[in-house]
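Asks: One structure, as structure tokens, below. Some questions next.
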Amino acid sequence: MTSTHPHPVITDESPSADANRRGPSFEASHELATGPVTSPPRTVDGFVREFLDQLNFGQGVKLSQSTINDQYLALARTVRSYLMASWLETGHRRRKNPTRIVGYLSAEYLLGRQLGNNLLASDLQGIAEQAMEQCGIDMAALRGQEVEPGLGNGGLGRLAACFVDSLATMDQPCIGYGIRYEYGIFRQTFVEGRQVEEPDSWLRLGSPWEFPHPERAVQVGFGGHTETSVDEDGTEHTRWVPAWQVRGVPYHYMVPGFRNGVVNTLRLWSAEANQAFDLQTFNAGDYAQASRAEIFAENISKVLYPDDSTPQGKELRLQQQYFFVACSLRDFIENTLPRDVDLRELPQRIIFQLNDTHPVIAVPELMRILVDEKGFDWDEAWDITQQCFAYTCHTLLPEALEVWPVDLLGRLLPRHLEIIYRINEEFLLEVRDAFPGDEGRVRRMSIIAEQPQRAVRMAYLATVAGAKVNGVAELHSQLLRDDVLPDFHAMWPEKFTNVTNGITPRRFLYLANRRLSDLINETIGTGWVTDLEQLRQLEPYADDADFRQRFRDVKHANKERLSKLLRVRDGIELSQDHLLDVMVKRLHEYKRQTLKLLHVVSVYEGVLSGRTPIDQVTPRTVLFGAKAAPGYHMAKEIIFLINSVAETVNTDPVMDGRLQVLFPANYNVTLAEKVIPAADLSEQISLAGKEASGTGNMKFALNGALTIGTLDGANVEILDLVGEDNFFLFGMTEPEVEELRQRGYVPSSFYEADPVLKATIDLIGSGHFTGGDRGAVSAVLDNLLNHDPFMALAGFGSYLEAQDRVERAYADPEAWSRSTILNVARCGFFSSDRSMRDYLDRIWLPGDA
Ligand SMILES: *Cc1c(COP(=O)(O)O)cnc(C)c1O
């Protein structure tokens, strides 16, 4: 067995491939030659000088000739140059003092805009603003120039972004590994009320925050076959002979901690062809054929799969997954880990956190590296591997659990399939050992599913390989143990743990809500920014009438800001004095946007039919934001229905402007940062047992919105912390949902039994919102009346009753303000810093505490 590791296999003979090799002498001489890197002076003049240098020498323009984009790029590079010394110093410090680092493996990072965050982290906001003013530049216009990197779908990708932010702020070593998609989540527009997707070309005007490192490129193989040979002492060796290879080029992004001199790295991989084109074919005139390899390779990191929770089992998706984990493992073992480290010590140097099942193919990849390339025997390799991974499950929906058909996996990654089979064989022996004679259990637990086709269950593979398995909220972790992976829990109860999700207070409070942060800073100081539990000190101010007034002033100003934005962005008018009722999140049936819509229509129908006098309607604006997966037909029909209802309700004089439905297109992090601080009411109304955690719910509560919600995901913990008086709870509990399903759920019986529900649905069914066209709404209504898999009709009655409570509470501004202040004060628990602390204590460094 060899324990030191040779250079990576270099197949390309061009001299540039050698650039992949690091020499310690290079680094040493470099540092000797240049000395420590220094930042530009932290003065307005220093900032201006650096900015003009970036404009002149980086962009090649004079200030007088520069475009807004030139100025934005120069400003971004200026901020970068202030962070650079910290970045290099952090790397240097980490290399000198090796500890177990976190390799966060995530196919998605929904980062949001970088400029504001990096100015905040480096404490340069004030200086930058004055500097731009000196240059006669409108800073807001430059901020608006940045296209957010939408390299994620929703909550899962945003969570990864919050986590790397927290780890940097806590000075914990971490490399975030992922994919640099050329196109992120699609840009949503509406055409006649229907969603239209446009490619998100976020790189088109240049991306100043990334550092390409082609000299650190690695090779990734695909396809081919395996060969087995026997050496002199009779030991079998297997070797994978891939049919084709692509180059993974890393792009580095800075992840600055909050004003602590720490900058961690996010390393995103881009796929390139080893040979751009075939020169012979090109010369012969077949241009398309000549570029085939290039197109094929570059397709791998071309576009993010826009599906939030129903994996399609597409080959390209598996290529993406393997591509980025193979790059990341190679990068860590060959380029990050010092050469002299014995790979038996790998678990002391790295813990790879698997963000859902997307990166789970890293498990057989590490086994392949250890056994086939480094000569470890199987058992020792497995022992190492099991200590190097931990798995976070993000769902409860069975259709969201990834499986890969063995024929597909075997074709693309033949050696990995062999390794998975062996892992499974040995694992099933263990099961038989632990539960003799229980073949039913063995079949249930097999990593290989036999029905409906032979396929690898990635969640099972992750659970078998992972040192720990966690859910993302208390209720979710419990359901994971009881319903999703009960056999695994029975076998290894100690493997299972919970870490409730969190959000970064830097982006979602400090940056997004400057007015509230200023008020908080003035009241309790700034310690909360890195220790969010300090918000508790706000509790007594809930009883201070003056503070409540200032809190309301903040909310009002945030509504004004949102109003201005929506006017320019979407041509929408937002009424300032309405209750702002917000439901923003991916569109999915389980999240129940239709339940929210039924409420809206019932209010309208009440007025229309004369049941409700118009002066009894609380003036309310309902704001939706949601993208639907392009292939998710029902979700797109729901979007159309929301837009149809909005158009009718907003313009019908019978409502006297008291009910407005707004649906700005293209909900993303940038919009979230403007919408959430303005909201009064946060809609978190998923069917109990379906939302793993939610993080939108946390963002709202921390920005002084009250939640109307079910006992689902992290709502349970929010309710627990803020108290029943400060939360509008409704709906069935998860056991009640199960009980109703067992009894046999008949949605039409709810329709028949509740006249308001019946009138509401009938109004939609009459074509009232679709110009008389009943067919345009039939898919949604048929589904609700005949299937209603997420029990919206069963929830309707208690939801309306809760909305009545909302309106009564809102009618008393002092009591409402008191509740909102208590929400802010009591939700410090939902900082992603606390989530990271929990990961460190329970998963990454247990025993260190
Ligand atoms: C926080 C966030 C989400 C997650 O929202 P949920 O309500 O938890 O589903 C999705 N998209 C964006 C842009 C977010 O900022």
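The values are calculated or read from the model by the stated rules, or taken from the named source; none is laboratory data. Everything quoted here is computed from the prediction, not taken from an experiment. Positions of Cβ are generated from backbone atoms using ideal geometry, with glycine treated the same way; all protein chains shown enter the neighbour counts. Note: accessible area is taken over every heavy atom of the protein model, side chains too, but ligands, DNA and RNA are not part of it. Shrake-Rupley method; radii C 1.70, N 1.55, O 1.52, S 1.80 Å.
Asks: Starting at the first residue of the stretch 782-795, write each ³J(HN,Hα) from the Karplus equation 6.51 cos²θ - 1.76 cosθ + 1.60 with θ = phi - 60°, in whole Hz, x for Gly and Pro.
Replies: Once θ is set to phi - 60°, the couplings for the stretch 782-795 become 4, 4, 5, 6, 10, 10, 6, x, 10, 6, 4, 5, 5, x Hz.
Asks: With every protein chain left in place, what is the accessible area per residue of the chain in square angstrom, probe 1.4 Å?
Replies: Dividing the accessible area of the chain by its residue count gives 39 Å².
Asks: Put +1 on the Cβ of each Lys and Arg and -1 on the Cβ of each Asp and Glu in the stretch 576-824; which of Gln593, Gly771, Ala802 then has its Cα farthest toward the positive end of the dipole?
Replies: The residue sitting most towards the positive pole is Gly771.
Asks: At 1.4 Å probe size, put Arg552, Arg267 in order of accessible surface, largest to smallest.
Replies: Descending order: Arg552, Arg267.
Asks: Arranged from highest to lowest average of other beta-carbon atoms within 10 Å per residue, in what order do the peptides 710-716, 436-442, 784-790 appear?
Replies: Peptide ranking by packing, descending: 710-716, 784-790, 436-442.
Asks: For the stretch 367-516, what is the convex hull volume of the alpha-carbon atoms per residue, in Å³?
Replies: Each residue corresponds to 157 Å³ of Cα convex hull volume.
Asks: Same structure again: Any chance you could list the semi-axes, whole Å, largest first, of the equivalent ellipsoid that the Cα gyration tensor gives for the stretch 576-824, using √(5λ)?
Replies: That gives 25, 22, 18 Å for the three semi-axes.
Asks: Rounded to a whole number, what is D in µm²/s for the stretch 461-563 from Stokes-Einstein with the Kirkwood radius over alpha-carbon pairs (37 °C, 0.692 mPa s)?
Replies: Calculated translational D: 194 µm²/s.
Asks: Here is a follow-up. Quick query: amide H of Gly152 versus all other amide H atoms, modeled in the peptide plane; which residues come in under 5 Å with a sequence gap of 5 or more or a different chain?
Replies: Residues meeting the criterion, in which the H sits 1.01 Å from N, are Tyr109, Ile185.
Asks: A further question on this structure: Can you count the Lys pairs in the stretch 576-824 with C-alpha separation below 18 Å, eight or more apart or on different chains?
Replies: 17
Asks: Compute the orientation-averaged projected area for the chain from the convex hull of its Cα atoms and round it to one decimal in nm².
Replies: With the hull built on Cα positions only, its mean projection is 39.3 nm².
Asks: Moving on. Before anything else, pin down the relative contact order of the chain: Cα pairs under 8 Å, at least 6 apart, normalised by residue count, whole percent.
Replies: 12
Asks: Considering amide H positions built from the backbone, and no H for Pro or chain starts, which residues 5 or more places from Gly257, or on another chain, come under 5 Å of its amide H?
Replies: Amide H neighbours of Gly257, under 5 Å, 5+ apart: Val262, Val263, Asn264.
Asks: Another question, if that's okay. What is the packing order of peptides 411-420, 197-206, 398-407, taking the mean over residues of other C-beta atoms within 10 Å and listing the highest first?
Replies: 411-420, 398-407, 197-206
Asks: Please report, as a whole percent, how much of the solvent-accessible surface of the chain comes from carbon and sulfur atoms (probe radius 1.4 Å).
Replies: In the chain, the share of accessible area belonging to carbon and sulfur is 50 percent.
Asks: Do the sum for the chain: with -39,500 (n - 2.57) for every DSSP H run of n ≥ 4, divided by all residues, what is the mean residue ellipticity at 222 nm, to the nearest 500 deg cm²/dmol?
Replies: Value at 222 nm, helices only, nearest 500: -13500 deg cm²/dmol.
Asks: Compute the signed sum of charges (Lys and Arg +1, Asp and Glu -1) over the other residues within less than 11 Å, Cβ to Cβ, of Tyr253.
Replies: Summing Lys and Arg as +1 and Asp and Glu as -1 gives +2.
Asks: Which order do peptides 624-634, 461-471 fall in by mean Cβ count within 10 Å, highest first?
Replies: In descending order of packing, they fall as 461-471, 624-634.
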